[in-house]
Amino acid sequence: MPADRRILSPMVVLGGLSALTLLSITLFMTLGARGKWDFILAFRGTKIAAMVLVGYAVAVSTVLFQTITNNRILTPSVMGFDHLYRMIQTLLVFQFGSGLVASLDPRLRFGVEVASMVVFSGLLYWWLFNGAGRGDNRRSLHLLLLVGIVFGVLFRSLTSFLQRILDPNAFLTVQDRLFANFNRVDVELLTVSALVVLAVSLVGWRWRRTFDVLALGRDAAINLGVEHRRAVMAVLVMVSILVSVSTALVGPITFFGLLVANLAYLVVRSHRHALILPAAVLLAVLTLVTGQLVLERVFGYNAALSIVIEFVGGLAFLFILVRGSAR
Amino acid sequence: MPIATLPLATVGIGLLAVWSLFVGVSDVSLATLFGGAPGGAPDQATQVLLVSRLPRTLALILAGAAMAVSGLLLQMLVRNRFVEPSTAGTAESAIFGMMMVSLLAPEMPVFGRMAVASLCALAGTGLFLAILRQVPLRSPLVVPLVGIMLGGVITAMTEFVAYRQDLIQSVRGWETGDFSAILLGRYELLWLSAALTGVAYLAADRFTVAGMGRDVATNLGIDHRKVMALGLVIVSMTTAAVIATCGMIPFLGLIVPNVVSLVRGDNMRGSLPWVAVMGAGLVLACDIAGRLVIHPYEIPIGTMMGVIGSALFLYLLLRRNGHAG
């Protein structure tokens, strides 16, 4: 990238993004408000909290996932992570019954789900990324992408298969847990998720320089003294936790992470995670809040935000794919 | 491969079809059909057989054969092994067309609906080909990726409109193939796709040559553009007919031709009957399994094929990598 194209310094960009995000949140909280303020603030505040948390989780998990895979077009969602999460949730209910799962403490339940998710996805994606170690060391990117997408289809089909076999009560329990959206967020789960995300972030922030090294690729990272295997495993664990949080709160949003991560690299023009991560988070929150605001106030309806994101994100994905292959 | 295997396979499929006639909640067996069963009502059993079971079995055979053949056809035309109507944007576009008809002209007769859906499928597949032309370096895996993504974008459009108009449920119905609502008078559209499959067989040699690429085809004296157009029309109309009747059956057109080509090679005239027979067989087997697993309820074939088809597709992808490096 030529130096003269870098017009704004990253700090200015981050400052501008923060200001815009704050503005959008203020507008969301106040625009078109009629009635008692304490109700409105509490009602909209929950939505905002959910959007901030989801935006944060999606942005960070995508950037980290792209760092360890060394690729700007992969995201946890494209690789079928969130369908895996749904399948594991369904499997748990299927295996242990809705009564047991429902009576568990939500924190414990969340812990169990995340743990099984981490183990499963860790094994699966470890095998996928390193399985071709015999002979050719790196699987082709397109193969990985396609395999990820098809795994997503497989998990989704298996989930709906299991849900068909579940008895209706158990099905209700699963459905309740899987089909949330921004308008109907479980406050208790929100608190648990926020704490979990905070913990991950504290650990992750101490690793931010390791991420920069990991982004150089496997061989370079090993040469520079990073324990590559351990670091990648740690990142996979963080990603699984963050994906679980966002999926548990609002359900899967496939292309959103791809969109904000690529935008973040575009506006910040740096490879330092200390800059990229906040930029991606701000962009994610800004997009979600503004999108929801426009949908609610301009078009006058709720809950279709994920569909719009899917559309725009899918177009962006196609564009990146075609342009990337053209080079 | 000995010459007698195809008739043998056909007989096997025939047995599956007969079994399919006798699987279900309502008691239909030889005993009830020909009377003599205590308390059995022979008329009712015959009725169930003629109005529900027979049409369902015929629909399964026709739809399975037609989808498998259109998968093969699309693979020839795009020159890629991993393409089929549900990984090329064709099926998703057809669903978009179906939704627009329900929205704008709900009174339209079924042939009109299918015509609109076919046109949309044709446009979607055309868009897919146009995007592919922008990708000079054709990694074989980019092609299905582009198709799946295009399908995702079109589905998002469909759902956005459907969401506002309360049509989500109809859309879900078209997206998940399901034969449980097939009755006499509700599946006849599929004979049209059978006729189109026949046309594909007659033109099979041309498609084989077209599958070698435009330059080779032109050298061999074939109007490549015309053959492409014919193939795309057949694929679009078949897909639209199947979706209008029983919904989308994912991965069928991908798995069957790939398995057949492993055994039989790529001469379309030789492999097309195999593809048709195996397609019908796979759909019959999946449907019977779906009816038996949670009897007396049933699992729609879209779900069954989603599980089996994606697992097989994964196997094909990873196996191929192991061989080709």
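The B and A chains share an interface that buries close to 3400 Å² of accessible area, total over both sides, probe 1.4 Å. Dividing the convex hull volume of the alpha carbon atoms of chain B by its residue count gives 149 Å³ per residue.
Give me the Kirkwood hydrodynamic radius of the stretch A:5-158 in Å, from all C-alpha pairs, to one decimal place?
Details: mean 1/r = 0.0521 Å⁻¹.
After inverting the mean inverse Cα-Cα distance, the result is 19.2 Å.
Relative to the longest principal axis of the Cα atoms of chain B, the long axis of helix B:301-324 makes an angle of roughly 40 degrees.
Just how large is the dipole of the protein assembly as shown about the Cα centre, in debye to the nearest 20, putting +1 at every Lys and Arg Cβ and -1 at every Asp and Glu Cβ? Please report the intermediate quantities before stating the final value.
Working: 47 positive and 31 negative charges, 380 e Å.
That gives a dipole near 1820 debye.
Accessible area of the protein assembly as shown with a 1.4 Å probe: how many percent of it is carbon plus sulfur? Could the numbers behind the result be given before it?
Values: 18760 of 28760 Å².
Ligands and nucleic acids excluded, carbon and sulfur give 65 percent.
Under the membrane-span-like helix rule (DSSP H runs whose alpha carbons stretch at least 24 Å along the helix axis, mean Kyte-Doolittle hydropathy 1.6 or higher), chain A yields A:10-30, A:141-165, A:187-206, A:228-250, A:273-294, A:305-326.
Strictly greater than 30 Å: what percent of every Cα pair in chain A meets that?
Details: 18936 of 53301 pairs.
Roughly 36 percent, once rounded to a whole number.
For the peptides A:254-261, B:261-268, residues were scored by their other Cβ atoms within 10 Å and the scores averaged per peptide; the highest-first order is A:254-261, B:261-268. Contact with the other protein chains removes 30 Å² or more of accessible area, compared with the isolated chain and a 1.4 Å probe, from these residues of the stretch A:155-171: A:Ser157, A:Phe161, A:Arg164, A:Ile165.
Dipole of the protein assembly as shown computed with +1 at Lys/Arg Cβ and -1 at Asp/Glu Cβ about the Cα centre; of B:Ala229, A:Ile309, B:Thr218, farthest Cα towards the positive end is B:Thr218. Solvent-accessible surface of the stretch A:27-92, taken per residue with a 1.4 Å probe and all protein chains present: 34 Å².
Principal-axis analysis of the Cα atoms of chain B puts helix B:54-78 at an angle of about 10° to the longest axis. Is the shape of the stretch A:225-297 rounded, prolate or oblate, going by the alpha carbon gyration tensor and its root eigenvalues a ≥ b ≥ c, with a/c under 1.5 for rounded and a/b larger than b/c for prolate? It comes out oblate by the Cα gyration axes. Note on the stretch B:78-185: with charges restricted to the Cβ of Lys and Arg (+1) and Asp and Glu (-1), its dipole about the Cα centre is near 480 debye.
To the nearest 20 debye, what charge dipole does the stretch B:211-325 have about its Cα centre, counting +1 at the Cβ of each Lys and Arg and -1 at the Cβ of each Asp and Glu? It would help to have the intermediate numbers written out before the result.
Details: 8 positive and 5 negative charges, 46 e Å.
So the dipole magnitude of the stretch B:211-325 works out to roughly 220 debye.
Listed peptides A:199-205, B:89-95, A:145-151, B:73-79 appear in the order B:89-95, B:73-79, A:145-151, A:199-205 once ranked by packing, highest mean of other Cβ atoms within 10 Å at the front.
The sum of -39500 (n - 2.57) across all DSSP H runs of n ≥ 4, divided by the residue count of chain B, sets its helix-only mean residue ellipticity at 222 nm to -24000 deg cm²/dmol. The modelled label-to-label distance between B:Arg319 and A:Leu266, using points 7 Å beyond Cα along the C-beta direction, is 4.1 nm.
Order of B:297-305, A:209-217, B:284-292 by packing, highest average Cβ count within 10 Å first?
Working: B:297-305: 23.4, A:209-217: 18.0, B:284-292: 21.1.
Listed from highest to lowest mean packing, they are B:297-305, B:284-292, A:209-217.
Return the whole-Å distance between the Cα centroid of the stretch A:63-85 and the Cα centroid of the stretch B:184-236. Taking the Cα centre of the stretch B:184-236 as reference, the centre of the stretch A:63-85 is 39 Å away. Shape class for the stretch B:183-325: oblate, because the ratio a/c of the largest to smallest gyration tensor axis (alpha-carbon atoms, square roots of eigenvalues) is 1.5 or more and b/c is at least a/b.
Per-residue ellipticity at 222 nm from helix content only, as computed over chain A with -39500 (n - 2.57) for each DSSP H run of at least four residues, stands at -26000 deg cm²/dmol.
Based on protein heavy atoms only, the stretch B:68-134 ends up with 35 Å² per residue of surface accessible to a 1.4 Å probe. At a Förster distance of 30 Å, what's the computed FRET efficiency of A:Leu41 paired with B:Tyr163, Cβ-Cβ distance as r, to 0.05? The pair A:Leu41/B:Tyr163 has a calculated efficiency of 0.55.
Rounded, prolate or oblate for the protein assembly as shown? Axes are the square roots of the Cα gyration tensor eigenvalues, ordered a ≥ b ≥ c, and the cut-off for rounded is a/c under 1.5. Here the protein assembly as shown falls in the prolate category. Taking a point 7 Å from the Cα of B:Leu8 along the Cα-to-Cβ direction, none of the residues of the stretch B:269-299 has its backbone N closer than 11 Å to it.
The values are calculated or read from the model by the stated rules, or taken from the named source; none is laboratory data. Note that the coordinates shown come from a computational prediction; the quantities given were computed from them, not determined experimentally. Please note: Cβ atoms are built from the backbone with ideal geometry, for glycine as well, and neighbour counts cover all protein chains shown. Please note that ligands, DNA and RNA were not included when accessible areas were found on the heavy atoms of the full protein model with its side chains. Shrake-Rupley method; radii C 1.70, N 1.55, O 1.52, S 1.80 Å.
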